[in-house]
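Engineer: Below are the structure tokens for one structure; questions will follow.
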Amino acid sequence: MRIPLALLLPGLAAALALSVTLAVTIGPVNLSMLTVWNIAWAKLSGSTGMWSAAEENIVWMLRLPRVLLAALVGGGLAVVGVAMQAVVRNPLADPYVLGVSSGASVGAVLVLGGGWLGFLGIYAVSAGAFAGAVVSFVLVFLIAVAGGRLWPLRLVLAGMACGYSLSGLTSLIVLTSENRELARTAMEWMLGSLGGTAWSDLGLPAAVLVMGTGYLALSGRKLNALLVGDETAATLGVDVGRLRLRLFIVLSLLTGVMVAVSGAIGFVGLVIPHVVRMLVGTDHRRVLPVAALLGGVFLIWVDVAARMSFAPIELPVGVITALLGGPFFIWMLATQRWRSKDTA
Amino acid sequence: MSQLIVDGVSVEIEGRRLVDQVLLDVAPGQFVGLVGPNGSGKSSLLRAIYRVLKPSAGRIVHLGDEVWKVSARQAARRMAVVAQERMGEFDFTVDEIVMMGRTPHKRLLDTDTAADHELVERCLGQVAMRHCAGRLFQSLSGGEKQRVLVARALAQQPEFLVLDEPTNHLDIRHQLELLELIGRLGTTTLAALHDLNLAARYCDRLAMLCEGRLVAAGTPAEVLTAERISAVYGVEATVGEANGLLRIDFRLKQQ
């Protein structure tokens with residue numbers, strides 16, 4: 001039941017463009033798709049047109065940056081999920097399950113609360129999140145390895161243990177901080193939220209997503225070999241140690257940057273790769289681009305649901321992904337071909 | 001001129017010496033069988049040769065280069081391996097698995113060419129698995145999987161094949177077919193084998209390991225003597241000849 005990539009990629013790109021437009025039209029003030037495109041075009045080309053300043057503000061300042069960030073973060077988390085699953089050879093891995101998102105949160109909160117890394121300006125929080133992501137990813141990996149082998153069950157347990165401890169640490173830092181404002185922003189952000197996105201938030205995630213996905217897609221052959229096994233990959237000419245080190249850095253960077261702008265949005269990296277593999281098989285050269293696009297479309301619509309389902313109350317998007325992702329995770333656990341050899 | 005020289009190689013894991021100063025050489029075009037009981041160090045020696053277990057002493061030279069000093073990619077273009085690694089939860093189709101054999105020949109931006117696909121098909125044909133090209137690897141039987149892995153090794157177009165117990169999980173016919181195929185390929189091959197009769201029949205030379213040491217090397221008739229089999233395997237053996245082939249029978253030693 002495989003769909004040819006030549007059909008799937010343009011189709012998904014069109015779906016992404018359509019989703020962005022539709023998601024911008026939806027809100028307390030409904031707008032037409034034509035208005036959205038006209039305003040976007042006018043802004044880009046510097047012309048003016050027949051719409052109110054309020055409409056222009058809603059489209060250009062409020063909704064469009066948020067929807068675009070949803071697409072970037074969704075794509076980024078899906079891509080990280082795919083590659084992380086190859087690194088640890090386990091379909092239950094994603095940055096949230098493995099505690100890497102929680103590590104990134106600790107780093108980000110330390111920067112916000114302690115004012116560290118101030119010399120990096122607006123990139124300080126992302127840098128802190130990246131550092132936190134690297135530390136937690138390596139930590140979880142080392143705990144999960146025993147006797148030179150990576151144990152699937154140990155990995156999930158190590159991820160959860162680290163995730164809980166790091167979340168606790170984040171709460172501790174936030175609640176004991178002198179900075180009262182931090183508690184409010186951090187709370188919303190720990191649940192994963194895309195609210196209050198500005199254009200200036202988009203540059204870094206966009207650059208990191210494009211470069212990260214590019215690097216991973218070019219390494220697709222090696223990721224395929226890695227998925228079969230370390231020893232096999234080595235005999236196929238892959239320098240496994242070096243590849244894994246690079247993947248740790250690239251994946252931590254992607255996770256750190258995505259978490260810095262959106263908080264810990266769970267399970268996107270788990271659900272999307274699974275669905276994509278059902279559509280196009282396991283070859284990473286196909287899976288990665290499809291996952292990037294589908295992840296973007298997915299998170300755009302989840303964010304629309306977060307904005308609209310309990311309007312005027314706006315839910316953090318992470319609440320919805322958690323509600324969808326938890327049962328999905330359990331379903332995967334139940335249907336996975338766990339063999340006693342793996343779990344013993 | 002030897003293609004592969006194993007020069008005084010020892011392998012140690014956690015202080016235990018699994019391979020002890022083994023000397024071995026393989027001439028171009030030869031099919032050399034590595035025999036010995038379980039735990040005699042066959043797999044460890046092979047893993048040192050295919051660069052997974054770093055030897056604690058000695059040198060391994062393949063085509064004039066020390067195998068531990070060339071890049072992983074260069075090593076994989078010369079040497080292909082069929083080992084006993086179990087695949088995890090993910091599944092690939094059979095042709096995707098065989099296409100992985102092209103990995104060491106590819107640079108960053110290279111795509112799979114028509115020639116690659118042709119080669120994959122040819123390699124699958126050589127192991128009589130072409131009809132399964134589109135199937136999922138995990139859905140195959142043990143013997144079919146083994147043949148697909150051999151096809152992947154062939155797709156690497158190596159000058160040297162390393163096989164770790166390639167006939168495991170195979171029924172008699174497929175055992176014979178596989179060893180026949182390897183003999184026919186003419187590629188220099190080093191294979192760990194369990195079945196002494198098969199080893200005697202298909203290998204040009206044999207090397208026998210016991211507790212990590214090389215105890216004999218030479219033609220099958222030179223290596224497989226009744227006294228040596230009795231000493232190394234701890235069983236009574238009779239070595240005879242039938243239809244020009246060595247024929248070995250075993251029974252437990254009387255207490």
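Engineer: Select from the range A:69-94 the residues that are modelled with pLDDT under 90 and out of contact with any Lys or Arg (no Cβ under 9 Å at 6 or more places or on another chain) and write down the one among them that is farthest from the other protein chains (Cβ to nearest Cβ).
Structural biologist: A:Asp94
Engineer: Let me ask you something else. Considering (1) among the polar types (S, T, N, Q); (2) under 25 Å from A:Ala83 (Cβ atoms); (3) open to solvent by 60 Å² or more (accessible area, probe 1.4 Å), say which one A:Ser200 fails and leave the rest.
Structural biologist: Among (1) among the polar types (S, T, N, Q); (2) under 25 Å from A:Ala83 (Cβ atoms); (3) open to solvent by 60 Å² or more (accessible area, probe 1.4 Å), A:Ser200 violates only (2).
Engineer: Going through B:Gly134, B:Gly36, B:Gly58, B:Gly64 one at a time, which residue ends up being over 28 Å from B:Leu206 (Cα atoms) and either more than 9 Å from chain A (Cβ to nearest Cβ) or of a type in the set (Gly, Ala, Ser) (or both)?
Structural biologist: B:Gly134
Engineer: Can you name the helices (runs of 4 or more DSSP H) wholly within the range A:168-248 that have at least 2 residues being farther than 25 Å from A:Ala322 by Cβ and either more than 14 Å from chain B (Cβ to nearest Cβ) or in contact with a Pro (Cβ under 6 Å, 6 or more places away or on another chain) (or both)?
Structural biologist: A:180-190, A:203-218
Engineer: Right, next: Quick one: in the range B:68-112, which of the residues that are more than 7 Å from every other protein chain (Cβ to nearest Cβ) and β-branched (Val, Ile, Thr) is farthest from B:Leu149 (Cα to Cα)?
Structural biologist: Here the residue is B:Val70.
Engineer: Step by step: first the residues of the range B:6-19, then only those that are open to solvent by 40 Å² or more (accessible area, probe 1.4 Å) and outside any loop (DSSP other than H, G, I, E, B), then the one that is farthest from B:Ala226 (Cα to Cα). Which residue is that?
Structural biologist: The selected residue is B:Ile13.
Engineer: Go through the range A:214-224 residue by residue and tally those that are open to solvent by 20 Å² or more (accessible area, probe 1.4 Å) and not basic (Lys, Arg).
Structural biologist: 4
Engineer: Return the pairs, sorted by first residue and then second, in which the second residue is assigned to a loop (DSSP other than H, G, I, E, B) and at pLDDT below 90, the first residue lies in the range A:16-42 and is surrounded by 15 or more Cβ atoms within 10 Å (Cβ to Cβ) and of a type in the set (Gly, Ala, Ser), the beta carbons are less than 9 Å apart, and the residues are 6+ apart or on different chains.
Structural biologist: Going by the 9 Å Cβ cut-off, the qualifying pairs are A:Gly27/A:Ala311; A:Ala42/A:Thr48; A:Ala42/A:Gly49; A:Ala42/A:Trp51.
Engineer: For the range B:146-202: of the residues being outside any helix (DSSP H, G or I) and among the small types (Gly, Ala, Ser), which is farthest from B:Lys42 (Cα to Cα)?
Structural biologist: B:Gly186
Engineer: Okay, next question. Can you find a residue that is open to solvent by less than 50 Å² (accessible area, probe 1.4 Å) and in contact with a strand residue (DSSP E or B) (Cβ under 7 Å, 6 or more places away or on another chain) anywhere in the range A:225-240?
Structural biologist: Checked against the condition, which is being open to solvent by less than 50 Å² (accessible area, probe 1.4 Å) and in contact with a strand residue (DSSP E or B) (Cβ under 7 Å, 6 or more places away or on another chain), the range A:225-240 yields at least one hit.
Engineer: Further question: In the set B:Leu109, B:Leu119, which member is surrounded by fewer than 16 Cβ atoms within 10 Å (Cβ to Cβ) and more than 30 Å from A:Arg149 (Cα to Cα)?
Structural biologist: Just one listed residue meets the conditions, B:Leu109.
Engineer: Just a yes or no: is a residue in the range B:180-190 within 14 Å of chain A (Cβ to nearest Cβ) and open to solvent by less than 60 Å² (accessible area, probe 1.4 Å)?
Structural biologist: Looking through the range B:180-190, at least one residue is within 14 Å of chain A (Cβ to nearest Cβ) and open to solvent by less than 60 Å² (accessible area, probe 1.4 Å).
The values are calculated or read from the model by the stated rules, or taken from the named source; none is laboratory data. Remember, it's a predicted structure, so these values are computed and weren't measured experimentally. Cβ: placed from backbone, ideal geometry, glycine included. Neighbour counts: every protein chain shown. Just the protein is used for accessible areas: all its heavy atoms, side chains included, with ligands, DNA and RNA removed. Shrake-Rupley method; radii C 1.70, N 1.55, O 1.52, S 1.80 Å.
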